[in-house]
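Trainee: The structure that follows is given in the form of structure tokens.
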Amino acid sequence: MDKAKQILKDVFGYDSFRPLQSEIIQNILNKRDTLVIMPTGGGKSVCYQIPALIFEGLTVVISPLISLMKDQVEQLKQLGVQTVLLNSSLSAEAYRYNFQSVKNNKAKLLYIAPESLGKEEISNLLNSTKIDCITVDEAHCISEWGHDFRKDYRQLGTFRNKFPSAVCIGFTATATPRVQDDIIKNLKMLNAKKFIASFNRKNLFLQVIPKRNSFQQTIEFLNRHKNQSGIIYCFSRRQVDELSEDLSNLGFSTKPYHAGLSDDERNKNQDLFIKDEIQIIVATIAFGMGINKSNVRFVLHHDLPKNIESYYQEIGRSGRDGLRAECLLLFSYADISKINYFIDQKEDDVERFSAKVHLDAIVKYAETEICRRYPLINYFGENYKNDNCVMCDNCIADVKEMGDITIPAQKFLSAVKRTGEIFGVNYIIDVLLGNDSDRIVGNGHQNLSLFGIGKEFNKKQWQTFAHQFIRKELLARDLEFGSLKLSEKASGVLFKNEKVLGYIKEPKTPSHKLKSDKVYDEELFEHLRKKRKDLADEFNVPPYVIFSDRSLTEMATKYPQDESSFLNITGVGIRKLESYGNIFLSIIKSYCFRKNINIVPVKQTRSRRQNRHEMGKPKYVVVSESYNDGSSIDELAKEYEVKPQTIISHVARYANDGNKIRTNGLLEKLSVTAEYHQKVFEVFNIEGTTTLKNIYDKFNQEVSYEDLHILRLIYLQKIKVQL
Ligand code: ADP
Ligand code: ZN
């Protein structure tokens, strides 16, 4: 486990394990089959990736979604881990290369789709390879009881049996015991140990507010999340299109996503979102399955979701980096009717009934006045007990003492009765507040004696009362239409003066930053974010693959100015330090210099030492620094009266010291065509970079040594993401 901890720090850049991670890793290292039930964002990847780096043989990771596999492979490559994907979407060349690196035991992890396992070529390859671990992601796909059964998963049991000495791990976020048993049985797991992580995602702030003017509410919410990524979920495709367009017209950076768009357009919009080209995706439930984006900072439910499972899944797509994310649900009774309407179209009685039960559960969640984590987490069978989570609207609301609310109860109940028990909460409140809307005037309700008798409270307070009356069963709400009816209990309050006890709550809108939020230097964060985006584009990966938001906010809090403090940033391991340390450090340093931010004493002693060095700098350093500052190889050769080749070797030496160098200036010096660059890199990937002779011979001397020197330099600079 010491080794595991070391890898966690050196490769992944994390200081400590999250709950269950170390137990799971220990169990896997003991080669005991393992089933892990963990919510999205719980941190399951390192649970199998760390053992994969410790095992001698290969770890095969089976996953149903190409996009997720690609994402994982990119992230691992950025961490310097030998990882490959075998899939038909690859070019023939890349496929061959990946195939080869499994064959000669270079790859530590192989990501593959279940359907590929049946192919003879793959089967032969794996049979001749030492496999230490088989990881099955989204393992519930193997169960017909799950919501996502896939036929191809069924053969995984047979596959697993072929490798009895490999340990088998299943991961899923689906919690039902039936599905769990099915996974263990079908994967032929031996004495599997189960690990069930908590479904409490502590960094998600949960809030529900009554939907009034939803467009206005959406804009206000988005204005609180400037420059942040987020998802807005809507009920229908039409709403998605309209809302996305309206927001876009107001200058928000948004794109729509739903099953009615062409595949091309959907993929394009998703890609723009993942790459931080656009900030907001307006989507139906169709969005989110195949994405791993860790910096989703908010999820807004513009409409009521159909059940708690989908709601949980959808909010779960935010805050995967562990930083605070905000989840707001706009709740209206009209939405309940809308969903009910669709449920009523279902022909199957059982299905209809079950859908109503699910709807009821989400409505109860929306209406609850206790901590929202109770109904949410208990729904998944977990016993959640915390009294105050500090991360939901109800827990942070100012609650006044319980008091006598008989008078408002009498007023409200009378209004329900006098208007005929056919109206919903908001209509009754309007009557009590004396709002002579068209609808009220149309019904003649402005003439009622109780019209306007509730002005001592505001609308929000009345809504809070109304919910209490419903929960105390003084009123029953029609699930379908939202209309209120008096119950028998109500007559005791109206006619026998029975007391009603309750509380007056003043709901608070959480400000953008709460005490629990880390405060960071937003200006510096913006500089870092821009650089991250540039690098991401250069390497053609999503920005969060370079650094998570969490890493950037930490940089913008701690202002690291040297390598060792940079290594202390969460998510910075050795490889990330090598690849990006200088780039980000120089931004931070010059920012601190401009702003007069002093991180003492480390900086002072160090910079004095550096100054001394400056005076007696070796030539190769001086040359390379000029090169990095923009001088070309040829210019420098002239200036120093040497051959260009000499300048290149100076630069190479400088790079060997671990310094970053500018690669575009080198590309200009190459005489072979771009087609060869890639080929040479591939050979480096397989054979390493120590000797150039082999390569020289391999290409029949078509690539000169000069070029090979330059290519090696470029290769060592770039992270190996070419494939
Ligand atoms: P899942 O696959 O369970 O949805 P991931 O494995 O993608 O979750 O992890 C979610 C996020 O948490 C990732 O950004 C990951 O790097 C981060 N993470 C995982 N383990 C740790 C840890 N021990 N400390 C800090 N961050 C972690
Ligand atoms: Zn709470």
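The values are calculated or read from the model by the stated rules, or taken from the named source; none is laboratory data. This structure is a prediction, so every number in the text was calculated from the model and none was measured. Neighbour counts are summed over all protein chains in view; Cβ atoms, including those assigned to glycine, are modelled from backbone coordinates with ideal geometry. Accessible surface is based on the protein model in full, side chains and every heavy atom, while ligands, DNA and RNA are left aside. Shrake-Rupley method; radii C 1.70, N 1.55, O 1.52, S 1.80 Å.
Trainee: Of the peptides 54-62, 413-421, 341-349, how do they stack up when ordered by the mean number of other Cβ atoms within 10 Å, highest first?
Mentor: Per-residue Cβ counts within 10 Å, averaged per peptide and sorted highest first, yield 54-62, 413-421, 341-349.
Trainee: For region 204-394, just say rounded, prolate or oblate: build the C-alpha gyration tensor, square-root its eigenvalues into a ≥ b ≥ c, call rounded for a/c under 1.5, and beyond that prolate if a/b exceeds b/c, oblate if not.
Mentor: Oblate, since a/c reaches 1.5 and b/c is not below a/b.
Trainee: Which residues in region 675-696 have a backbone N closer than 18 Å to a point placed 7 Å from the Cα of residue 91 along the Cα-to-Cβ line?
Mentor: Only 675-686 fall inside the zone, counting backbone N under 18 Å.
Trainee: Could you list the residues of region 667-697 with an amide nitrogen less than 17 Å from a label point located 7 Å from the Cα of residue 649 in the Cα-to-C-beta direction?
Mentor: Only 691-693 pass the distance filter.
Trainee: At 0.36 nm per residue, and after removing the present C-alpha to C-alpha distance, how many nm does the segment from residue 435 to residue 693 gain when stretched out fully?
Mentor: 84.1 nm
Trainee: Hey, another quick one. Each residue of region 250-255 in turn: what ³J(HN,Hα) in whole Hz from Karplus with 6.51, -1.76, 1.60 and θ = phi - 60°, glycine and Pro shown as x?
Mentor: For region 250-255, the Karplus-derived couplings read 8, x, 6, 8, 9, 9 Hz, x marking Gly and Pro.
Trainee: Work out from phi, with θ = phi - 60° and the Karplus expression 6.51 cos²θ - 1.76 cosθ + 1.60, the ³J(HN,Hα) of each residue of region 54-62, listed in order in whole Hz, and give x for Gly and Pro.
Mentor: Going residue by residue, I get 8, 4, 6, x, 7, 10, 9, 10, 9 Hz, with x marking Gly and Pro.
Trainee: Using the crude model of +1 on Lys and Arg Cβ and -1 on Asp and Glu Cβ, and no other charge, please compute the dipole size for region 617-722 relative to its Cα centre, in debye to 20.
Mentor: 320
Trainee: With the contact rule set at Cα under 8 Å and sequence spacing of 6 or more, what percent relative contact order holds for the chain?
Mentor: So the answer I get is 12 percent.
Trainee: Largest first, what is the accessible-area ranking of 474, 494 with a 1.4 Å probe?
Mentor: From most accessible down to least: 494, 474.
Trainee: List every residue whose amide H lies under 5 Å from the amide H of residue 392, counting only residues 5 or more places away in sequence or on a different chain, with H placed 1.01 Å from N in the peptide plane.
Mentor: Correct list: 206.
Trainee: Which whole-Hz couplings ³J(HN,Hα) result when phi for each residue of region 258-269 is put into the Karplus expression 6.51 cos²θ - 1.76 cosθ + 1.60, θ = phi - 60°, listed in order with x for Gly and Pro?
Mentor: Using θ = phi - 60°, the values come out as 7, 5, x, 7, 5, 3, 4, 5, 4, 4, 5, 5 Hz.
Trainee: Give me the dipole magnitude in Debye, nearest 20, for the chain about the Cα centre, with unit charges on the beta carbon: positive for Lys and Arg, negative for Asp and Glu.
Mentor: 1920
Trainee: Please report how far the C-alpha centroid of region 245-281 lies from that of region 163-208, rounded to the nearest whole angstrom.
Mentor: 33
Trainee: Could you give the spread of the C-alpha atoms of region 617-722 along their three principal axes, from largest to smallest, in whole angstroms?
Mentor: So the three principal-axis extents are 37, 24, 21 Å.
Trainee: How large is the convex hull of the Cα atoms of region 400-506 per residue, expressed in Å³ as a whole number?
Mentor: So the per-residue Cα hull volume is 93 Å³.
Trainee: Out of all Cα-Cα pairs in region 444-492, roughly what percent, to the nearest whole number, are more than 13 Å apart?
Mentor: 67
Trainee: To continue, here is another question. Please work out the C-alpha center-to-center distance from region 612-682 to region 470-505 and express it in whole Å.
Mentor: The two parts, judged by their Cα centres, are 80 Å apart.
Trainee: Write down Rg/Rh for the chain, rounded to two decimals, with Rg from the C-alpha atoms and Rh from the Kirkwood relation over Cα pairs.
Mentor: With Rh from the inverse mean 1/r over Cα pairs, Rg/Rh is 1.04.
Trainee: Rounded to the nearest 500, what is the chain's calculated 222 nm mean residue ellipticity when only DSSP H runs of at least 4 contribute -39500 (n - 2.57) each, over all residues?
Mentor: Taken over the chain, the calculation gives -14000 deg cm²/dmol.
Trainee: Which links in 275/338; 255/306; 119/698; 211/356; 411/459; 3/188 stretch past 25 Å when you go from one Cα to the other?
Mentor: In this structure, 275/338; 119/698; 3/188 lie more than 25 Å apart at Cα.
Trainee: If the only charges are +1 at each Lys and Arg Cβ and -1 at each Asp and Glu Cβ, what is the size of the charge dipole of region 382-447 around the Cα centre, to the nearest 20 debye?
Mentor: Dipole size: approximately 300 debye.
Trainee: Can you spot the aspartates and glutamates whose alpha carbon is less than 18 Å from residue 194's alpha carbon? Ignore those fewer than 8 places along the same chain.
Mentor: Partners found: 23, 33, 137, 138, 181, 182, 382.
Trainee: What is the distance in Å between the Cα centres of region 1-65 and region 577-593?
Mentor: 30
Trainee: Between residue 632 and residue 678, what's the calculated FRET efficiency when r is the beta-carbon distance and R0 is 30 Å? Round to 0.05.
Mentor: Calculated transfer efficiency: 0.80.
Trainee: Based on the alpha-carbon set only, what is the convex hull volume of region 153-272 divided per residue, in Å³?
Mentor: That works out to 205 Å³ per residue.
Trainee: Give the shape of region 45-113 as rounded, prolate or oblate, defined through the alpha-carbon gyration tensor: a ≥ b ≥ c are the square roots of its eigenvalues, a/c under 1.5 means rounded, and otherwise the shape is prolate if a/b is larger than b/c and oblate if not.
Mentor: It is oblate, given that a/c is not under 1.5 and a/b is not larger than b/c.
Trainee: Compute the convex hull volume of the Cα atoms of region 2-196, divide it by the residue count, and report the result per residue in Å³ as a whole number.
Mentor: 109
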